1. Using a Förster distance of 41 Å, how high is the FRET efficiency between Lys60 and Ala166, based on the Cβ-Cβ distance and rounded to 0.05?
2. Among all the lysines, which ones have a C-alpha under 16 Å from Lys99's C-alpha, if same-chain residues fewer than 8 places away are not counted?
3. Hey, can you find the accessible area per residue of segment 179-230 for me, probe 1.4 Å, expressed in square angstrom?
4. May I ask which of Lys70/Lys141; Lys38/Lys170; Lys109/Lys206; Lys60/Lys209; Lys9/Lys38; Lys109/Lys209 have a Cα-Cα span longer than 28 Å here?
5. Keeping all protein chains in the complex and leaving out DNA, RNA and ligands, what accessible area do you get for Thr198 with a 1.4 Å probe, in Å² to the nearest 10?
Amino acid sequence: MNSATIVQKLWNYCNVLRDDGMSYGDYVEQLTYLLFLKMADERSKPPFSQDASQANMIPKAYAWPTLLEKDGDELFDHYRHTLEKLGAEKGTLMLIFTKAQNKFQDPAKLRRLIVDLIGGENWSAMGADVKGDAYEGLLEKNAQDTKSGAGQYFTPRPLIKAMVDAVAPKPRETICDPACGTAGFLLAAHDFLVANNTNLTKAEKKHLKEQAMRGWELVQSTARLAAMNLMLHGIGSDSNVPVLVSDALASDPGDRFDIV
């Protein structure tokens, strides 16, 4: 299944949820939580199971299989407690789940999203481009619907690509976006580096995954979307969170960044 098909499949279900009063933004946010739990579960199994940090990312009591085991009001209560507990964790978990709330009104619709739409795909087996572009597609649809609410503006992808091409980032450099939104510039810079450097060393690949991308975002809900977007492209880890929820202009970053 390609990214366009996945986007359409997930977006069609959003239209169903609008009848329950859920906004586009709320829907994408709920997808963020559930996709993270699904991928964390996938990475706890072969061929990812040798990575202990991935296997232990989600406490067993709140891992993806516990959602599949429940239905009705029991599922509703468990999902709510899962969001609360994971929001109290550290690192990427805290960033994604802080102040997370269950926005579903109908347990049957939550169950369908878990079992049929998200549970029906192996997200970790997809290429980074497929799953990342699918998620970006949902973000773009949400941006088109909400426009620039609350002072947020979504830069068109062709303009982002043109700016990154002009900057031409290089391996081992650090790319900074002080107002990263949903991480469009960081992802474009990552794609540029991968496309133009086919012989990266092991150290350069590690740097690209865990240290090269750094973003700041004032709005918590937007920051969690950025973190999930980056994770779906294989950027960041539980111990190296690439997005900070803070004001990038509150202090002088000094000479920590090669590109701003």
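The values are calculated or read from the model by the stated rules, or taken from the named source; none is laboratory data. Remember, predicted model here, so these are calculated numbers, not experimental data. Reconstructed Cβ throughout: ideal geometry from the backbone, glycine too, with neighbour counts over all protein chains shown. For accessibility, only protein heavy atoms count, side chains too; no ligands or nucleic acids. Shrake-Rupley method; radii C 1.70, N 1.55, O 1.52, S 1.80 Å.
1. So, using R0 = 41 Å, E works out to roughly 0.30.
2. Candidates past the 8-residue exclusion: Lys85, Lys90.
3. 43
4. Violating the 28 Å limit, Cα to Cα: Lys70/Lys141; Lys38/Lys170; Lys109/Lys206; Lys109/Lys209.
5. 120
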